[in-house]
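Below is one structure, written out as structure tokens; comments come after it.
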Amino acid sequence: MKTCHCPALFVSAPGSNHGKTTVTAALARYHVDQGRKVRVFKTGPDFLDPMILERACGQPVYQLDLWLAGDTECRRLVHEAAQEADLILIEGVMGLYDGDPSSADLAEKLGVPVLAVIDAKGAAQTLGAIAYGLAGFRPGLPFAGFLANAVASARHAEMIMQGIPPGIPYWGGLPRDSRFVLPDRHLGLVQAEEISDLESRLSAAALSIASTRLARLPQSVAFTLPECGTLPQWLSGIRIGIARDAAFSFIYTANLDVLRSMGAILLFFSPLADAVLPDVDSLYLPGGYPELHLQSLQDNVAMKAALQMHSSQGKPIYAECGGMLYLLESITDKVGNCGKMTGILPGHAFMQDRLKGLGYQSAPMPGGVLRSHTFHHSRIETPLSPFAFGTRLYNTTEGEAIFRLGGVTASYLHCYFPSNPAAAAQLFLP
């Protein structure tokens, strides 16, 4: 087995909203500014945090998910990064021990030391107790120490340090500063391209890293390449058109890699801005925020006609979540604004105030089972009968419906193609 070494750190927290993404992005940008090549990964199925992290490091950001991708694929991805990077950062998901598998499970499997980011608002000496609990909860977990986030003053910093127990390394604190804050909305952070002052936010946060121990590279970690095979050319020469713009952006980079590895030619287009489709055999409509662009999608009559023509010819269309909503007759947002969509699938979508779907599911697609995740704030009304339903990982209630009509396969599920490349290929074969 091939082994290479690279400084690495796993950024986690006691829970959500402690500032993991801000700290990871600031740390990445700081070291990039020092002339280092930084590779960043995000734990779990999230789409939005990686957009911020990509801007911070200037490199593709992949998800590391032990259930979606599996242990072998996670190890392959970090080994590949370690061959070229001066620093590897992995941002955790939720709290360190939340979920099954958890961030702690991934950190332990990869042997990457954990840095706990702890929000200091409303606490002081207690941060040491929280860090002590995180460090000792699982014996053997590599624990690098903790960083205080949102420190209010020099006196606040002194109080935090008073509570640090022996043996718990303290990496310093980042100040409470509105310039660091990353805006959010109903599915998580606002997309990177929509934050007009993102560069100044990243720069300001990166400057604060210089006064902490994070300014130094962490210890090196050994990453070993697992045994990996090559993919058959199931999609050799197949031209796949992929929607990609502010309305349709929830797509795993690993999915694109798998399609290319199977021989597909990927061509990108914008349902918001383009009037015609590229010359393609199949279409991939990923999720995103079509509900925020109702007027533009409705008014782009030429694109809707092009999609309708593609569908009428029986050519494959694979649509996930927001991509599926775009194929319906209409989408109505939370305040009652309604936009006419393509009408390729019968039915209507309605945005909701509350989360309507969340969690891992196995998706029985026509070519086999793909591992997937769902996360949405809408419901649909359609006369279509589902082709199948997803199987939830953690309970036995009915999963998301999967619809098939002509060449269309559509669902709320976001599928991870590396989990079953053969099944993924079948979605795009004419």
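FYI, it's all coordinate maths here, none of it is from the lab. Model, not experiment: these values are computed from the prediction. Every residue, glycine among them, receives a Cβ derived from its backbone with ideal geometry; neighbour counts consider all protein chains shown.
For the chain, give the share of DSSP beta bridges that are antiparallel, in percent and rounded to the nearest 5; count only bridges with both residues there. Intermediate results must be reported in sequence, preceding the final value.
Numbers: 36 of 78 bridges.
So the antiparallel bridges amount to about 45 percent of the total.
For the chain, modelled as a GNM with alpha-carbon contacts under 10 angstrom, which of Thr342, Thr397, Thr224 fluctuates the most?
So, out of Thr342, Thr397, Thr224, the one fluctuating most is Thr397.
For a quick check, take a GNM of the chain with Cα springs below 10 Å and name the residue from Thr24, Thr230, Thr391 with the largest mean-square fluctuation.
Thr230
Taking N as the number of residues in the stretch 239-426, what is its alpha-carbon radius of gyration divided by 2.2 N^0.38 Å?
Numbers: Rg = 15.3 Å, N = 188, 2.2 N^0.38 = 16.1 Å.
Rg over 2.2 N^0.38 Å, computed on Cα atoms: 0.95.
What ranking do Trp234, Trp171 get, fewest neighbouring Cβ atoms within 10 angstrom at the top? Walk me through the intermediate numbers first.
Numbers: Trp234 19, Trp171 22.
With the sparsest Cβ surroundings first, the list reads Trp234, Trp171.
State the extension gain, in nm to one decimal, for the chain segment bounded by Ser200 and Lys109, taking 0.36 nm per residue of separation less the distance between their alpha-carbons.
Values: separation 91, 0.36 × 91 = 32.76 nm, distance 3.57 nm.
Stretched fully, the Ser200-Lys109 segment lengthens by 29.2 nm.
Does the stretch 3-224 come out rounded, prolate or oblate, given a ≥ b ≥ c as the square roots of the eigenvalues of its C-alpha gyration tensor, rounded meaning a/c under 1.5 and, failing that, prolate meaning a/b above b/c? Working shown, then result.
Numbers: a/c = 1.44, a/b = 1.14, b/c = 1.27.
Taking the square roots of the gyration eigenvalues as a ≥ b ≥ c, the stretch 3-224 is rounded.
On a 0 to 90° scale, report how tilted helix 20-33 is relative to the longest principal axis of the chain, with both axes built from alpha carbons and the result rounded to the nearest 10.
The angle comes out near 80 degrees.
Would you mind checking the tilt of helix 126-136 against the longest principal axis of the Cα atoms of the chain, expressed as 0 to 90 degrees and rounded to 10?
Approximately 70 degrees, to the nearest ten.
For the chain, take the longest principal axis of its alpha carbons; what is the angle in degrees between that and the long axis of helix 301-312, to the nearest 10 within 0 to 90?
In the chain, helix 301-312 runs at an angle near 70 degrees to the longest axis.
What does the net charge come to around Ala152 if you take all other residues with beta carbon closer than 10 Å to its beta carbon, with K and R at +1 and D and E at -1? Intermediate results must be reported in sequence, preceding the final value.
On the way: positive: Lys121, Arg155, Arg176; negative: none.
That sum, taken over residues with Cβ under 10 Å, equals +3.
Among Val32, Ala135, Ser208, which residue has its Cα positioned farthest towards the positive end of the charge dipole of the chain, with +1 placed on the Cβ of Lys and Arg, -1 on the Cβ of Asp and Glu, and the dipole taken about the Cα centre?
Value: Ala135.
I want to check the label-to-label distance for Arg404 and Asn17. Put each point 7 Å from Cα in the C-beta direction and report it in nm to one decimal.
4.3
Name the most mobile residue of Glu80, Glu54, Glu227, meaning the one with the largest mean-square fluctuation, in a Gaussian network model of the chain with Cα contacts below 10 Å.
Among Glu80, Glu54, Glu227, the largest GNM mean-square fluctuation belongs to Glu227.
Once each part is reduced to its C-alpha centroid, what is the distance from the stretch 306-373 to the stretch 128-166 in angstrom?
Computed from Cα coordinates, the inter-centre distance equals 45 Å.
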